[in-house]
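Structure record follows, encoded as structure tokens.
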Amino acid sequence: MARQSRQLEEARKDPDRLLDEINDLPLLHRTPSSWAECAQSNIAEFLSDHAFCEQQAALTALHLVGLYADDEELVDRMTSLAAEEIAHLRRVAAILHRRGLHPRRRRTSSYATALHGRITRGDRWAKIDRLLVGALIEARSCERFTTLLHRLIGKDDEIAELLLDLGPAEKRHWRMFHGLAARDCPVDELEARWKGWLEFEAEQMRPRGIAPQVHG
């Protein structure tokens, strides 16, 4: 708690420093500030959706374990990730409970559906694509959390402290997914594949930023 308080105080002194974190992300489309305004105004819906996203992140990590059980490094990383996402879920659920709210019921994410629908099936790219999709989702979550955090500094310290922890975690996660994908592909081929994914993800995000959801 003391560490979080120090981080929050530092963020209050220089809130624009938070936006520098976004500039380090590979994403090609920046979420408009109006999305953060929408999420702040509908923080209950944002938190409820956030809890659902943490559930899905844990399930996705375990799904990859099932698909690639012979990949020792992947299994180790994904089981650790699933445990971390569940810890995040417990934290968000506790905040929801304190505020008299509940996690969102299972839903279909058009954003995630579009990304997963582009994955190549049945050849050497399938595994790489799945990992790159994981990297994209984590990078976008980092960007959204940091954008909202910038707006919440001094206005909702409980959620700000949550996002101070989760933003860097998502940044670490996207790099992990990308690193796992890089093991099975020459650098030039991976860069070309990643560029295509980044462009596709940007196309999916341009009409968004209008709903108070993590990827809305």
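The values are calculated or read from the model by the stated rules, or taken from the named source; none is laboratory data. None of the values given here were measured: they were computed from a predicted structure. Every residue, glycine as well, gets a Cβ built from its backbone with ideal geometry; the counts of neighbours run over all protein chains shown.
Based on this model, can you work out whether ILE137 counts as in contact (Cβ under 8 Å) with a residue 12 or more places away in the chain, more than 29 Å from SER48 (Cα to Cα) and in a helix (DSSP H, G or I)? So ILE137 does not fit the description; no. A single member of VAL92, VAL75 is farther than 27 Å from ILE22 by Cβ, surrounded by 14 or more Cβ atoms within 10 Å (Cβ to Cβ) and modelled with pLDDT of 95 or more, and it is VAL75.
Determine whether PRO103 is surrounded by 15 or more Cβ atoms within 10 Å (Cβ to Cβ) and in a loop (DSSP other than H, G, I, E, B). Against the criterion (surrounded by 15 or more Cβ atoms within 10 Å (Cβ to Cβ) and in a loop (DSSP other than H, G, I, E, B)), PRO103 qualifies. Being in contact with a Leu (Cβ under 7 Å, 6 or more places away or on another chain) and either assigned to a helix (DSSP H, G or I) or surrounded by 13 or more Cβ atoms within 10 Å (Cβ to Cβ) (or both) is a description that does not apply to GLU37. Residues in segment 63-91 that are among the charged types (D, E, K, R) and either under 14 Å from GLU138 (Cβ atoms) or touching a strand residue (DSSP E or B) at 6+ places or on another chain (Cβ under 9 Å) (or both): ARG77, GLU84, GLU85.
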